[in-house]
Each structure stands twice: as structure tokens, then as C-alpha cells.
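Undergrad: I have a structure here, written as C-alpha cells, and I will follow up with some questions on it.
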Amino acid sequence: MANAGLAAKAKPIGPVAGYFTQTYAVADAEVSKLRHDPSELLTRALQPAIWLLLFGQVMAQARGLGPAQGRYIDFLAPGILAQSVLFVAIFYGIAAIWERDLGVLHRYMVSPAPRSALVLGKATSSGVRGLAQAVIVYVLAVVMGIAVDFQPANIVGVVFFIALGSALFCSFSLIVACIVRTRERFMGIGQALTMPIFFASNAIYPIRLMPGWLQAISRLNPLTYEVDALRALMLQNGASTIGLGFDFAVLVGVFSVLVAIAARLYPRMGE
């Protein structure tokens, strides 16, 4: 009877463990591409370096922040970290189009893995790439004398929000790829989306400096909540203007919705 009871309790664990195993398998396959081509990390380092070294130094002469908010270069660093993660994740969908053209996607589709596990696997691998960007930005920040907070709890928080934000925009990218289905259209739409998402956020200027209509758009932008959390966790004496709990709730909620939509649309990619 005891053994039967244990067996009954163990049954629900099997599908859950299998689901996470399938998600891990997809994520590991994606991350292995990065291991085989680490030069990609060097090319990805150029963009945040340019923004911090050139744009940051020029805009540091502006006085829009006020002395209470500290140096502009400190204010900018978390925004550039979120931006570099966004730019990597938003073009993740083009890899799905390549997989379809090469026949890899068909093998995914005939596997027993739930479609949401495929989406989560790709989102997880995007999170790993986002963390690679975080290392680059942290190194640049230290070299430039930015007041970075290295408390373990804050580092863990940054890792979490970077992975979550990267996974969110990766899922959004997969939805776009499922709709447009061609590399050329995807590149055009991806380029058209990244800059509005970036500039309609608090990444490079406070929300209070925006006109009213842009403030409303910014509050609907998930990047705003990622930047707010990073600014509170990454910087010494950093503070959230929205609240870390609310940042977390918004990002998790949007991510869950996007995963559900992407899982519904993903099978259409193979058609």
C-alpha cells in the first residue's frame, strides 16, 4: 500500500520533469551555437561600447538629470545594458526562419515536446546570451569608473532581470517570425521595432522629461520596467522609481502572454 501511494504521488512528477528536460534540450542546442562561435561575443561588445564611450560621454554634458540623480553616465549604463540585450533578443526570430529553411524546425515539430517547451527553450538560450552582454557592459562600466554595485544579492537580481527581459523579447521575436516567415521581411520589421522600443523607454532619459503622450507609451513598454529594475540593482545607491515588485510582475505577466501566443503560432512556421 505504501509503495502504491508513493507511485501515485510520483506520477505527476514525470510529465513535469519531462517538460523541463525537453526545454533544457532545446536551450542547450541553442547555447552550443554560441560555444562553437565565441567570436559573436566580440562583435556584440561593439554596440554597448560605442553607446557608453561616445554617446554617454557627449550626453554627460547635458544637465537634464539634476544633481540629485547623479552622473549621467551612471544613469545611462543600466539602459545600455538593457538595450544590448534587447538588440540581441529581438533578432532571435531570424534563427527560427533559418531553422525552417534548413529543415531543423521540422524535426522539432515532429518531436513529442510541447510547443511551449520549444519556445521556452529558445527563450532560455536567449537569456544566456543576454548574460554574456551583461558581462561585457559590467567590464566597460568598471573601466569607465561607473558606480557599479557588486553586492551578491544585487548581482543575482541583475542576472534574473536580464534573463527575464531577454527571454521576453525573444518570445516577441518568435511571434514576429511566425507571422512574417521570411528573412527579408523579418529584418525590416525587426529594425523598425528596436529603435522605437528603445527610445520609448527610460533607457537614456527619465520618463519625467518626456512629453505626456510618450510617457503613456513608455509605461506600456516592457523595456521600461527592465531598465527600472536594472537601475535599482546595478548601481550603488540605485533606486527604482516604479518598484521592483511591480517591475517583476509586469515582466513575468507579459512574458507569460508572449510564450502562450508564440507556442500557438510556432507550428505554423513549419507549414
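Undergrad: So, in the range 184-205, exactly how many residues are farther than 18 Å from Phe169 by Cβ and surrounded by 15 or more Cβ atoms within 10 Å (Cβ to Cβ)? Talk me through it step by step, then tell me what you get.
TA: Taking the range 184-205 as the starting set, the residues that turn out to be farther than 18 Å from Phe169 by Cβ are 184-185, 205.
If we keep only those that are surrounded by 15 or more Cβ atoms within 10 Å (Cβ to Cβ) too, we end up with 205.
The number of residues fulfilling the criteria is 1.
Undergrad: Please give the number of the condition Gly245 fails out of (1) within 23 Å of Phe150 (Cα to Cα); (2) in contact (Cβ under 8 Å) with a residue 60 or more places away in the chain.
TA: (2)
Undergrad: Pairs under 6 Å by beta carbon, first residue more than 17 Å from Leu86 (Cα to Cα) in the range 201-218, partner in a loop (DSSP other than H, G, I, E, B), six or more apart or different chains?
TA: Filtered contacts from the range 201-218: Leu209/Gly64; Ile217/Ala200.
Undergrad: Looking for something part of a helix (DSSP H, G or I), of a type in the set (Val, Ile, Thr), in contact with a Ser or Thr (Cβ under 9 Å, 6 or more places away or on another chain) and in contact (Cβ under 8 Å) with a residue 24 or more places away in the chain - is there at least one such residue anywhere in the range 258-267?
TA: Scanning the range 258-267 turns up at least one residue that is part of a helix (DSSP H, G or I), of a type in the set (Val, Ile, Thr), in contact with a Ser or Thr (Cβ under 9 Å, 6 or more places away or on another chain) and in contact (Cβ under 8 Å) with a residue 24 or more places away in the chain.
Undergrad: Output the residue which, of all residues in the range 145-156 that are under 22 Å from Arg71 (Cβ atoms) and of a type in the set (Gly, Ala, Ser), is surrounded by the most Cβ atoms within 10 Å (Cβ to Cβ).
TA: Ala147
Undergrad: Residue check, Ala249 against (1) among the hydrophobic types (A, V, I, L, M, F, W, C); (2) farther than 18 Å from Phe87 by Cα; (3) modelled with pLDDT under 95, all met but one. Which one?
TA: (3)
Undergrad: Taking Ser173 as meeting all but one of (1) among the polar types (S, T, N, Q); (2) in a helix (DSSP H, G or I); (3) more than 19 Å from Ile94 (Cα to Cα), write down the number of the exception.
TA: (3)
Undergrad: Here's a follow-up. Which members of the range 228-257 meet the condition of being within 14 Å of Asn154 (Cα to Cα) and part of a helix (DSSP H, G or I)?
TA: Asp228, Ala229, Leu230, Arg231, Ala232, Leu233, Met234, Leu244
Undergrad: Would you mind telling me which numbered condition in (1) touching a residue at least 12 places away in the same chain (Cβ under 8 Å); (2) hydrophobic (A, V, I, L, M, F, W, C); (3) in a helix (DSSP H, G or I) Ile146 fails?
TA: (3)
Undergrad: Which residues, counting only those in the range 219-234, are touching a residue at least 12 places away in the same chain (Cβ under 8 Å) and either surrounded by fewer than 17 Cβ atoms within 10 Å (Cβ to Cβ) or touching a Leu at 6+ places or on another chain (Cβ under 9 Å) (or both)?
TA: Result: Arg219, Pro222, Leu223, Tyr225, Glu226, Val227, Asp228, Ala229, Leu230, Ala232, Leu233, Met234.
The values are calculated or read from the model by the stated rules, or taken from the named source; none is laboratory data. Predicted model only: the values in this text are computed from it and were never measured. Because the Cβ atoms are built from the backbone with ideal geometry, glycine has one as well, and the counts that use them run over all protein chains shown.
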